[in-house]
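Heads up, the thing below is written out as structure tokens.
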């Protein structure tokens, strides 16, 4: 018998065999239970922790990058200033050396001394005759306006212009003795300095002041763009006062505090982020209690009459702001952005009305506290405000804002919007 026929024989005998203890209904129930069980991925169990860790890591990277970029820019600026100062010092030293060399240079005075032997009498007579003829011609023409003297002749030309004047002194001395004949001359030019320009007393000086309020928005933006180098960085504390508007319940005024950073991308656009912490409180009463999810409500204690919800929330905003210049120091601001909400703790207090014989106004309060970190849908932010630069170069920014809730939040699953005012005191880092 070959292998194929042997396998077919075994399959025919085994295929019709049925176990006496086999229960088809039990097998179907097992298959139904296996289909009903859903496998939960591991990352869904730690979704909140992963999101919080990712946010913290991203914020840390942004802060480290900004610090590195700011230190690098500062170092480059200092190096440029040092090089400029060294160049200026070299030029100053060069000018000082030139001044010292000019001070040590003697004046340009030329002295010509000529010694001749005694000429003959006929030559001497001819020289005297020529001198007489030159003097007579000079007196008749009066061109040089000279003054004649037997032993000295001085000639001064007229002034060439009102700004400069050159005077020439030409002197000749002749003497005759037994030793021979000597002749000397000296030419000394003297230049008259220009008249100095100085202030005249009694004449008022007009000072033209530029009024920054009259500059157009385009001019102010051009000025800011000219002086802006790279990305500007501001850091400052922020304080907010807001009131919650809940779908169910009545909210109270809440105070928010935190630290914000503003990255100036251009004269018109900036990116704002940071971290804020707030404790929000509201109360649900009456028929509204049925509109929220009951959390640890014990009906055995009596009739539920109200619920107080306290939430400690960490907010991480990310907003784009548009800046419109009103003057050099004042800007109008408009912003839009998104805020992530991380609930660090919630406290729910339930009030019950319990009827007791003889005292129908007995109330009982129970509380439940949840300290797990939970992340819920955030809010869409809109803001409008103004910023003004103070005398100490710091910037004070005030604005009103509105936050639109994008989903239900909290253990009670309630939707909330917020309206408030904000103030930020900015320190310019770069």
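Throughout, read-outs are computed from the coordinates displayed, never taken from laboratory work. Note that the coordinates shown come from a computational prediction; the quantities given were computed from them, not determined experimentally. Cβ: placed from backbone, ideal geometry, glycine included. Neighbour counts: every protein chain shown.
Shape of segment 311-430 from its Cα gyration tensor (a ≥ b ≥ c, root eigenvalues): rounded if a/c is under 1.5, otherwise prolate when a/b > b/c, or oblate?
Prolate shape, in that a/c is at least 1.5 and a/b is the bigger ratio.
Which of rounded, prolate or oblate describes segment 215-428 when judged by the alpha-carbon gyration tensor and an a/c cut-off of 1.5?
Cα axes put segment 215-428 in the prolate bin.
If we sort 230-237, 217-224 on the protection proxy, mean other Cβ atoms within 10 Å, highest first, what's the order?
Averaged packing, sorted descending, gives the order 230-237, 217-224.
Could you tell me the relative contact order of segment 215-428? Use alpha-carbon pairs under 8 Å, at least six residues apart, and round to a whole percent.
21 percent
Compute the relative contact order of segment 317-430 as a whole-number percentage, counting only Cα pairs closer than 8 Å that sit 6 or more residues apart in sequence.
Once divided by the residue count of segment 317-430, the mean separation gives 22 percent.
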